[in-house]
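Read through the structure below, which is laid out as structure tokens, and then see the notes.
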Amino acid sequence: MDDQYDVIIIGAGPAGSVTAWHASLGGAKVLLLEKDRDIGYPVRCAEGVGAAGLQSIVDPDSRWIANKIKGVDLISPHLKTIHILNEDFGFVLNRKIFDNFLAEKAAKAGAEVLTKAYAESLCFGENGRVNGVVFSHFGRRLSLRAKIVVGADGVESRVGRWAGIRTQLKMKDIETCVQYTMSNIDVKPDVCEFHFSRERSPGGYIWIFPKGDGIANVGIGISGEYARYKSPLRYLEKFVQEHFPKGSVLTTAVGGVPVSVTNRQIVKDGFMLVGDAAHQANPISGGGIVPAMVAGKLAGKVAAEAVQAGDVSQSFLEKYEKQWYRAEGRTQKIMYRLKEAVYKLTDDDLNKTADAVLSLPEEKRTMVSVFKKALFNRPTLILEALKVFKTSITEVFDPLS
Ligand SMILES: Cc1cc2nc3c(=O)[nH]c(=O)nc-3n(C[C@H](O)[C@H](O)[C@H](O)COP(=O)(O)OP(=O)(O)OC[C@H]3O[C@@H](n4cnc5c(N)ncnc54)[C@H](O)[C@@H]3O)c2cc1C
């Protein structure tokens with residue numbers, strides 16, 4: 001380890017590793033710090049990704065693809081199923097191996113990667129400019145300098161606040177999640193299920209993502225607004241009792257997902273935020289893996305360019321912010337408005353939507369038709385949705401991305 005780096009990245013999730021990978025490819029001297037012993041573990045994720053989004057960053061690899069998904073079932077409160085078939089829908093990953101693979105990519109591109117390295121605070125130079133990181137590593141407290149520090153420390157991010165950026169989220173913009181990885185359950189092997197009901201999963205949904213061999217991630221995310229009245233665990237327990245009474249729980253994960261728009265500020269002099277730390281996940285599905293990688297790629301490239309130009313000022317780094325907005329941020333704003341409308345629907349509205357979609361011929365039952373029927377009284381939103389559907393790789397109607 002040296003005393004001075006071009007870029008130090010805090011957090012080796014998909015956002016941090018992809019930032020490190022692309023900053024290194026751009027010629028920067030990079031250090032990636034991860035607080036946990038293992039990169040990618042513990043897993044707090046249902047591990048679903050849309051195919052197009054994933055492939056925009058990496059080629060799928062059998063080492064970390066647990067399952068290929070060929071369709072989704074959307075299930076209404078009155079238990080009617082809309083099946084949407086798409087051979088290339090997406091994948092269920094093995095995130096432990098996937099996250100490790102991304103960090104390996106960063107290392108192969110030249111980044112130094114350090115685990116059990118817990119960032120404790122930032123260092124500041126002239127004019128309050130961020131210029132380093134203090135972290136602990138096996139009982140030692142180290143302080144290293146960097147031209148740029150990147151906060152990629154996930155949904156519970158503190159690094160942004162350390163840098164003086166407001167990152168608080170409203171309760172309604174945090175999805176509170178609990179998930180079991182279950183075995184010995186009877187699920188369709190290549191279909192992801194999404195159960196929608198205001199009563200059984202207010203402001204969110206219950207998911208079943210199959211991993212093969214009778215194993216699946218079964219979880220729930222509800223809006224933080226409702227979690228204070230009844231814990232998501234209670235909803236999940238009831239669901240599991242009803243659907244999988246003979247299943248066993250191999251792993252339990254709890255966690256939050258930011259379902260907002262991107263944080264108002266994501267760069268400062270010598271500082272950048274990426275991934276969940278920057279609130280870049282898809283506000284409808286809560287999918288944050290692909291957006292974190294898309295942002296990481298942009299941030300890594302811009303960081304390397306800034307180092308090369310000898311200009312790590314906020315105005316230079318805003319290039320990343322602008323590129324993110326063009327690539328995904330603009331779309332995310334529309335998706336946020338869609339979320340606000342869709343999650344207000346009552347169970348009766350959802351049932352009517354399902355009945356209306358099911359009255360269409362099978363080949364016309366698409367994600368677009370579902371949104372059109374659900375938002376039939378909000379025509380401007382439908383138009384916006386159609387626009388973003390055409391332009392984004394974080395497919396708005398692909399609930400996996
Ligand atoms: C239950 C659940 C299910 C989900 N399912 C899906 C899904 O199916 N598909 C999908 O796309 N998304 C899903 N998500 C969201 C997805 O997991 C996140 O959006 C994604 O992991 C964001 O990546 P990230 O790199 O920004 O953050 P993270 O993956 O959270 O990585 C942050 C990293 O920073 C490290 N870190 C934190 N603080 C420090 C520190 N002080 N020093 C050093 N290291 C630090 C952490 O240990 C962690 O490794 C789910 C989330 C939850 C909670």
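The values are calculated or read from the model by the stated rules, or taken from the named source; none is laboratory data. On a predicted model such as this, the values are computed, not experimentally measured, just so you know. Don't worry about glycine lacking a Cβ; one is built from the backbone with ideal geometry, like all the others, and counts go over all protein chains shown.
For the range 119-131, a residue qualifies if it is of a type outside the set (Val, Ile, Thr), on the phi < 0 side of the Ramachandran plot and away from the ligand (no atom under 14 Å from the Cβ), and the qualifying residues are 123, 124, 125, 126, 129, 131.
Only one entry of 173, 213 meets the criterion of being out of contact with any helix residue (DSSP H, G or I) (no Cβ under 9 Å at 6 or more places or on another chain) and away from the ligand (no atom under 13 Å from the Cβ), and that entry is 213. Of the strands (runs of 3 or more DSSP E) entirely within the range 71-159, those holding at least 2 residues that are in contact (Cβ under 8 Å) with a residue 12 or more places away in the chain and in contact with a Phe, Trp or Tyr (Cβ under 8 Å, 6 or more places away or on another chain) occupy 81-93, 117-124, 130-137, 140-151. May I ask you to list the residues in the range 216-233 that are away from the ligand (no atom under 16 Å from the Cβ) and in a helix (DSSP H, G or I)? Answer for the range 216-233, where residues must be away from the ligand (no atom under 16 Å from the Cβ) and in a helix (DSSP H, G or I): 225, 226. Entry remark, the range 278-299: residues being within 7 Å of the ligand (Cβ to nearest atom), assigned to a loop (DSSP other than H, G, I, E, B) and crowded, with 24+ Cβ neighbours inside 10 Å number 3 in total.
Determine, yes or no, whether residue 235 is buried (at least 20 other Cβ atoms within 10 Å of the Cβ) and among the hydroxyl-bearing types (Ser, Thr, Tyr). For residue 235, the condition - buried (at least 20 other Cβ atoms within 10 Å of the Cβ) and among the hydroxyl-bearing types (Ser, Thr, Tyr) - is met. Within the range 21-46, being more than 10 Å from the ligand (Cβ to nearest atom) and small (Gly, Ala, Ser) holds for 23, 24, 26, 27, 28.
Residues in the range 134-143: is at least one more than 15 Å from the ligand (Cβ to nearest atom) and either under 20 Å from residue 272 (Cβ atoms) or basic (Lys, Arg) (or both)? For the range 134-143, residues more than 15 Å from the ligand (Cβ to nearest atom) and either under 20 Å from residue 272 (Cβ atoms) or basic (Lys, Arg) (or both): absent.
Before we move on, is residue 62 free of Cβ contacts under 8 Å to residues at least 12 places away in the same chain and within 25 Å of residue 110 (Cα to Cα)? The answer is yes for residue 62.
Here the range 161-179 is the region considered, the condition is being in a loop (DSSP other than H, G, I, E, B) and either without any contact (Cβ under 8 Å) to a residue 60 or more places away in the chain or more than 22 Å from the chain's Cα centre (by Cα) (or both), and the residue that is surrounded by the fewest Cβ atoms within 10 Å (Cβ to Cβ) is 168.
Could you tell me whether any residue of the range 47-54 is within 13 Å of the ligand (Cβ to nearest atom), in a helix (DSSP H, G or I) and assigned by TED's automatic domain parsing to the domain that holds residue 310? Scanning the range 47-54, I find no residue that is within 13 Å of the ligand (Cβ to nearest atom), in a helix (DSSP H, G or I) and assigned by TED's automatic domain parsing to the domain that holds residue 310, so the answer is no. Condition (residue is of a type in the set (Asp, Glu) and modelled with pLDDT under 95) applied to the range 61-68: is it met by at least one residue? The answer is no; no qualifying residue exists.
Collect the residues in the range 246-260 that are in a strand (DSSP E or B) and within 15 Å of the ligand (Cβ to nearest atom), keeping them in residue-number order. Don't jump to the end; show me each part of the working.
Taking the range 246-260 and keeping what is in a strand (DSSP E or B), we get 248-258.
Selection gives 249, 250, 251, 252, 253, 254, 255, 256, 257, 258.
Is the range 180-190 home to any residue that is outside the structural domain of residue 314 (by TED's automatic domain parsing), within 11 Å of the ligand (Cβ to nearest atom) and buried (at least 21 other Cβ atoms within 10 Å of the Cβ)? Within the range 180-190 (the criterion being outside the structural domain of residue 314 (by TED's automatic domain parsing), within 11 Å of the ligand (Cβ to nearest atom) and buried (at least 21 other Cβ atoms within 10 Å of the Cβ)), the answer is yes, since at least one residue qualifies.
Entry remark, the range 330-362: residues being under 17 Å from residue 384 (Cβ atoms), assigned to a loop (DSSP other than H, G, I, E, B) and in contact (Cβ under 8 Å) with a residue 24 or more places away in the chain number 1 in total.
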